[in-house]
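The structure appears below as structure tokens.
The values are calculated or read from the model by the stated rules, or taken from the named source; none is laboratory data. None of the values given here were measured: they were computed from a predicted structure. Cβ placement follows ideal geometry from the backbone for every residue including glycine, while neighbour counts extend to all protein chains displayed.
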Amino acid sequence: MSKLDANNRWSGKMLLTEHQEQYDQRNDEKPNGRPSTEELEMIRDLVMFPQLITMVQKSIEDMGFAKITFKGVVNRFLEVIMFRISDDYYALKRELKKRNIKVSEEETNDGILYYRYFCRGYEEKFGIVRETLRTEMSMRLTKYTTDITQALKKPTGGNRDYET
């Protein structure tokens, strides 16, 4: 019996949260080199986001020449969409870096975009059809606009007697 046991100072142990997470994950199986379905979707999104940002940026530039009444409102709405896309894009890049996945562009052939990805030591090439990418971009833009309009519909505490 040591002097430390007698004073009860060491009877309660504290553990930092990151150490607790490491302790809990010690028996979890490590992911192998092949990406999961979720990670493949993340790689697809990584390919899609720069194209989406370019498309929205071009729309903002085109609005500068348009002669419509609510040009400022439409411009601001497009900027909000672009900020949300950029936030999601950089969050995705951080997540892929955390999972040790890298993607590089290879070539474009007959409307198919080819990319190479490196996933935890595993290397593979994949292609995505341009039309499929456009469809996914359209669905994603619809999701962004729906999210923004839903956020605008939420009551902010003001006296509003109308609904859209």
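Which one is farthest from TYR89 (Cα to Cα) among residues in region 125-146 that are part of a strand (DSSP E or B) and touching a residue at least 40 places away in the same chain (Cβ under 8 Å)? Talk me through it step by step, then tell me what you get.
Of the residues in region 125-146, the ones part of a strand (DSSP E or B) are 125-129.
After this cut, where a residue has to be touching a residue at least 40 places away in the same chain (Cβ under 8 Å) as well, the list is 126, 128.
Details: PHE126: 20, ILE128: 18 Å.
Result: PHE126.
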Run down ARG76, ARG34 and say which single residue is surrounded by 10 or more Cβ atoms within 10 Å (Cβ to Cβ), assigned to a loop (DSSP other than H, G, I, E, B) and modelled with pLDDT under 95. ARG34
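It is to be established whether one or more residues within region 48-55 are closer than 30 Å to LEU152 by Cβ, surrounded by 12 or more Cβ atoms within 10 Å (Cβ to Cβ), out of contact with any strand residue (DSSP E or B) (no Cβ under 7 Å at 6 or more places or on another chain) and of a type in the set (Val, Ile, Thr). Steps first, please.
Residues of region 48-55 that are closer than 30 Å to LEU152 by Cβ, as a first pass: 48-55.
Retained after the next criterion (residues that are surrounded by 12 or more Cβ atoms within 10 Å (Cβ to Cβ)): 48-53, 55.
After this cut, where a residue has to be out of contact with any strand residue (DSSP E or B) (no Cβ under 7 Å at 6 or more places or on another chain) as well, the list is 48-53, 55.
Of the ones still in play, those that are also of a type in the set (Val, Ile, Thr) are 53.
Yes - at least one qualifying residue is present in region 48-55.
Among the listed residues TYR114, TYR90, which satisfies the condition of being loosely packed, with under 15 Cβ neighbours inside 10 Å and outside any helix (DSSP H, G or I)? Outline the logic, then answer.
Numbers: TYR90 fails: outside any helix (DSSP H, G or I).
Residue meeting the stated conditions: TYR114.
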Provide a single number: the residues in region 46-90 that are more than 26 Å from GLU131 (Cα to Cα) and of a type in the set (Ser, Thr, Tyr). 1
